[in-house]
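Participant: If you scroll down you'll find the structure; I have some questions about it.
The values are calculated or read from the model by the stated rules, or taken from the named source; none is laboratory data. Note that the coordinates shown come from a computational prediction; the quantities given were computed from them, not determined experimentally. Every residue, glycine among them, receives a Cβ derived from its backbone with ideal geometry; neighbour counts consider all protein chains shown. For accessibility, only protein heavy atoms count, side chains too; no ligands or nucleic acids. Shrake-Rupley method; radii C 1.70, N 1.55, O 1.52, S 1.80 Å.
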Amino acid sequence: MTLEKNRRSTTSILQSAFALIAENPAIVGRVGMVPAGRSPLISARDEDEARAGRQPPNVPAEAVLVASYEAESSDLVSTILLKRRAARCRWADFAVLYRLHSHRDLVASELAERGIPFSIESMDVTDMPQVRDLLACLGAVVSANDDASLFRVAALSQFSIDPKKLRAGMQALPKDSTSGAIALVLAQMEGGAAVLAALEQARDEIRSAGAQARDALEIVLRRFGFARHERPVMAVMDFVAAWERKAITKTGELSELLEYLSYFREAGGAIPLSSSENDAVQLMTVHAAKGLEWNHVSILRANSSSFPASYKETLVEFPSELIDPDSVTRAEGKPLHHEEERRLFYVAMTRARDTLAIYARPGKGKETAPAGFLREMVKDQNLARWFRTRHARPSQTDLFPEARRAEALGSRTSEWLALPPSSDLSARLSASGVETYQRCPLQFKFAREWKIPRDVPAAMQYGAVMHRVLCKYFDELRSRRTMSEDELSELFRASLATAGISDRYQHDLYERQGDAQLRDFAAARRTAPETEVLHTEQWFEIRIGGVAVVGRIDRMDRGSDGRIIVTDYKTGKPRSQEDADESLQLSVYALAAQQNWGYDAGSLVFYNLEENTPVLTRRSAAQLEEVRLKVAEVAENIALGNFKAKVGFHCRFCPYNNLCPETEKHLYPAARATECSAAKSAR
């Protein structure tokens, strides 16, 4: 049995949606005993209207061409206001759908400025400024060595910290300063004593009361003047109460809560904000909208690379032999991705009952139709009756005098981080610094300009120990002496004991792991080809354009062909051949070997200690020139002050995530905006 009629949408919407999905390859399977195929769904609503002697409404679906994302949000919100006035409908009759969460931000801001209540599906309160402030206070109360949290606490408006003086104090500290540095600087500067005293008073009250997590939160809320009844704060309190009720705690103390929350967020967990207002414009991803419907639907950013989203190679290829021969598609890889995006777009279109607006930028050059799925629909002459194109209206704000404008929300943390650098950060770089900047320019600024120390994880402490032991091993080898496996083991254990790994379980785990790896390494060296060890743990400084590039090479050997072998030890996850071939670090080492010592680096090696296997790569002259250009480009951007955060998956593991303005989400209270944890029908 096949579905032939649709009771939700008008004929215009169904015909437009069919024109889109019909571009997918024909279905090759069978549905029951009926050959599968496609035909436009019939609008049962329009049939009912015709039987009743009424003319069915024929409001064409529309493509709205916008010159910018700002024009997109302005036109969309103005259209909502116009439709609501004309139809006298509720705010909840409107939905804005998008492919990615980031697509919604400008629309949310525009709704807030116009005083329109809206609800955002799956908004995490831990991304909101007031919750980040609260979590920072909790972190700084638990440990004065939590520098990132203390930095945010110092930026609270109730304290009078001069950010330039704080920055100068951080920059004056020794280069090897570890956690707790910000507390040292605050103790010596104007206003800093008040910050430290407030934290100590909260600490004392929690300690004297024997307060566990939820009660400790109440103390911090009161001590630091948080609005206890703000919905984001209440969501955190509800989360903590549930955490305590589930009896998944050992001590129930604040420190344990923060540790749990860290793992919870790292795993992708979120603390949602439930809606307190039913009549609100709904903002949600297309995935979340499946099965729901609204009278009026708008789809954002319907251009190639946004919606449809760009194709990304999968980590594991699905064997074609395992595809069901009766599957609706035989496509794989990129074609399959494109088909799935088209089906998702079809879902978005058919959420609309009465009107549908799809926003996109026009094409470039002679091709004015938007790039992506809309291009086919705009050019389809058979759709002329059902689908139309218009340009976005000019800003309509003045037509709605009743709308309230919300003041932009911000925090002093954002203001502090917006300060221009106090010195030229591009003059001296390292390979890791360049890679950090490429990953996220703001993370680079955190580390280089503000010098906010980050906790040294046990894995890094273990890695440093292994490097020291191997350096000693090869220094002895250069002196014509080979250390035994037992000597290596003894040296490693003694060095690890002083590394400062506080967790005993982690210490013991790394002790067993390191001992085994070093013994395997020594055994492998006995059968390895003879090489002349030239340098170990060798520091360098080279010039690339006008930039000083610095670093340290673990080991350089002279190979049997007289060329140099540059080796870098890896104690963590083993590096692949692709990692070695694309490594900026190894490329810089090749340049350093050439410039500093006049060596021709024949081989560049990542030595994976976990597997005791080398991964070899080489660099051509052309590849090294590309590296020079890349370093020069990064240096130029740094010199120009380009430090905008680059948001991505890496943010989840960034030590400065709680300070990043780019990932903050605001409630826009002036607009009475609401956020909900799960998509809700707006019928």
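Participant: Can you give me the Kirkwood hydrodynamic radius for region 421-572, using every pair of distinct Cα atoms, in Å to one decimal? Each step should come with its number before you reach the end.
Facilitator: Working: mean 1/r = 0.0560 Å⁻¹.
Taking the inverse mean of 1/r over all distinct Cα pairs, region 421-572 comes out at 17.8 Å.
Participant: Need one number: nm distance between label points at Ala197 and Ser68, each 7 Å from Cα along Cα→Cβ, rounded to one decimal.
Facilitator: Taking the two extended label points, one gets 4.8 nm.
Participant: Based on C-alpha coordinates, I'd like the Rg and Dmax of region 493-593, in Å.
Facilitator: When restricted to Cα atoms, region 493-593 yields Rg and Dmax of 16.8, 48 Å.
Participant: Residues of the chain: accessible area per residue at 1.4 Å, in Å²?
Facilitator: The answer is 49 Å² per residue.
Participant: Still on this structure, please answer the following. Pick the calculated Cα Rg over 2.2 N^0.38 Å for this structure from (1) 0.98; (2) 1.08; (3) 1.16?
Facilitator: The value computed from this structure is option (3).
Participant: Using a Förster distance of 45 Å, how high is the FRET efficiency between Arg388 and Val647, based on the Cβ-Cβ distance and rounded to 0.05?
Facilitator: Numbers: r = 36 Å, r/R0 = 0.79.
After rounding, the FRET efficiency stands at 0.80.
Participant: In whole angstrom, note down how far apart the Cα centers of region 250-266 and region 187-208 are.
Facilitator: Comparing the Cα centres of region 250-266 and region 187-208, I get a distance of 23 Å.
Participant: What FRET efficiency, computed as 1/(1 + (r/R0)^6) with R0 = 25 Å and r the Cβ-Cβ distance, is obtained for Glu633 and Asn596, rounded to the nearest 0.05?
Facilitator: On the way: r = 23 Å, r/R0 = 0.92.
Approximately 0.60, to the nearest 0.05.
Participant: In Å, the Kirkwood hydrodynamic radius of region 168-227 over pairs of distinct alpha carbons? Kindly include the intermediate steps, with their values, before the conclusion.
Facilitator: Values: mean 1/r = 0.0756 Å⁻¹.
Final number for the Kirkwood radius of region 168-227 is 13.2 Å.
Participant: For a label point 7 Å from the Cα of Leu82 along Cα→C-beta, name the residues of region 51-67 whose backbone N is under 18 Å from it.
Facilitator: The answer is 58-67, whose backbone nitrogens lie closer than 18 Å to the label point.
Participant: While we're looking at this one, here's another question. Order the peptides 133-143, 594-604 from the highest to the lowest mean number of other Cβ atoms within 10 Å of their residues. Each step should come with its number before you reach the end.
Facilitator: Details: 133-143: 23.2, 594-604: 16.5.
Going from most to least packed, we get 133-143, 594-604.
Participant: Another one. Find the Cα radius of gyration of region 559-628, compare it with 2.2 N^0.38 Å by division, and give the number to two decimals.
Facilitator: Values: Rg = 11.9 Å, N = 70, 2.2 N^0.38 = 11.1 Å.
Rg over 2.2 N^0.38 Å, computed on Cα atoms: 1.08.
Participant: Something else now. Among His338, Ala516, Ala418, whose Cα lies farthest out toward the positive end of the dipole of the chain, if unit charges sit on the beta carbon of Lys, Arg (+1) and Asp, Glu (-1)?
Facilitator: Value: His338.
Participant: At Lys250 and Glu625, where each label point lies 7 Å from the Cα along Cα→Cβ, what is the point-to-point distance in nanometres?
Facilitator: 5.9
Participant: Now, a different point. Check which residues have an amide H placed less than 5 Å from Gly551's amide H, if you skip close sequence neighbours.
Facilitator: HN-HN under 5 Å from Gly551: Phe540.
Participant: Carbon-plus-sulfur fraction of the accessible area of the chain, 1.4 Å probe, in percent?
Facilitator: Values: 17160 of 33750 Å².
C and S fraction of accessible area: 51 percent.
Participant: Oh, and also: Across the Cα atoms of region 132-212, what radius of gyration and what greatest pairwise Cα-Cα distance (Dmax) are found, in Å?
Facilitator: Rg, Dmax (Cα atoms, Å): 12.7, 40.
Participant: Once Rh is set to the Kirkwood radius over Cα pairs, what Stokes-Einstein translational diffusion coefficient, in µm²/s, holds for region 124-282 at a temperature of 37 °C and a viscosity of 0.692 mPa s? Could you put the intermediate results ahead of the total?
Facilitator: Working: Rh = 16.8 Å.
Translational diffusion coefficient: 195 µm²/s.
Participant: Same structure again: What is the extension gain from Met234 to Thr498, computed as 0.36 nm multiplied by their sequence separation minus the C-alpha to C-alpha distance, in nm to one decimal? Let's see the in-between values first.
Facilitator: On the way: separation 264, 0.36 × 264 = 95.04 nm, distance 4.37 nm.
Value of the extension gain: 90.7 nm.
Participant: Could you state the orientation-averaged shadow area of the convex hull built on the Cα atoms of region 492-534, in nm² to one decimal?
Facilitator: Computed as one quarter of the Cα hull surface, the answer is 4.0 nm².
Participant: To continue, here is another question. Just to confirm the number: angle between the C-alpha axis of helix 11-21 and the first principal axis of the chain, 0 to 90 degrees, nearest 10?
Facilitator: The helix 11-21 is inclined about 40 degrees to the chain.
Participant: Quick one: net charge around Ser304, please, counting Lys, Arg +1 and Asp, Glu -1 for every other residue with C-beta under 11 Å from its C-beta. Let's see the in-between values first.
Facilitator: On the way: positive: Arg301, Arg361, Arg375; negative: Glu341.
Here the charged neighbours net out to +2.
Participant: I've got another one for you. Just how far, in whole angstrom, is region 41-94 from region 577-640 if you go by their alpha carbon centroids?
Facilitator: After rounding, the separation between the Cα centres reads 57 Å.
Participant: For region 432-493 and region 498-519, what is the centre-to-centre distance using only Cα atoms, to the nearest Å?
Facilitator: 15
Participant: Separate question: Please give the contour-minus-distance gain from Glu47 to Asn278: 0.36 nm per residue of separation, less the Cα-Cα distance, rounded to one decimal in nm.
Facilitator: Values: separation 231, 0.36 × 231 = 83.16 nm, distance 3.17 nm.
Between Glu47 and Asn278, full extension yields an extra 80.0 nm.
Participant: If you don't mind, another one. Work out how much length Glu190 to Glu490 would gain on full extension: take 0.36 nm times their residue separation and subtract the Cα-Cα distance, in nm to one decimal.
Facilitator: Gain in length upon complete extension: 103.1 nm.
Participant: How far, in degrees from 0 to 90, does helix 458-478 lean away from the longest principal axis of the Cα atoms of the chain, to the nearest 10?
Facilitator: Helix 458-478 and the main axis of the chain meet at about 40 degrees.
Participant: Can you compute 3J(HN,Hα) from phi for each residue in region 217-232, using the Karplus curve 6.51 cos²θ - 1.76 cosθ + 1.60 with θ = phi - 60°, rounded to whole Hz and x for Gly and Pro?
Facilitator: So the Karplus estimates, Gly and Pro as x, are 4, 4, 5, 5, 4, 6, 5, 9, x, 6, 6, 4, 9, 5, 4, x Hz.
Participant: Would you work out the Kirkwood radius for region 457-527? I mean one over the mean of 1/r across all pairs of different Cα atoms, in Å.
Facilitator: It is 12.4 Å.
Participant: Which angle between 0 and 90 degrees, to the nearest 10, do you get for helix 504-527 versus the longest principal axis of the chain when only C-alpha atoms count?
Facilitator: So the helix axis and the longest Cα principal axis differ by about 70 degrees.
Participant: Continuing with this model, one more query. What's the whole-number percent of alpha carbon pairs in region 534-675 lying beyond 17 angstrom? Could you put the intermediate results ahead of the total?
Facilitator: Working: 6927 of 10011 pairs.
Percent of Cα pairs beyond 17 Å in region 534-675: 69.
Participant: Please figure out what share of the DSSP beta bridges in the chain is antiparallel and state it in percent, rounded to the nearest 5. If you can, show how the numbers build up before the last one.
Facilitator: On the way: 23 of 64 bridges.
Antiparallel: roughly 35 percent of the beta bridges in the chain.
Participant: Same structure again: Nearest 500 deg cm²/dmol is fine: what mean residue ellipticity at 222 nm does the chain get from its DSSP H runs of n ≥ 4 alone, each adding -39,500 (n - 2.57), divided by its residue count? Before the final figure, lay out each step's value.
Facilitator: On the way: 24 runs with 287 residues, N = 683.
When only DSSP H runs of four or more count, the value is -13000 deg cm²/dmol.
Participant: Right, next: Suppose R0 equals 35 Å. What FRET efficiency, 1/(1 + (r/R0)^6) with r the Cβ-Cβ distance, do Arg478 and Val550 give to the nearest 0.05?
Facilitator: Details: r = 24 Å, r/R0 = 0.68.
My answer for the efficiency is 0.90.
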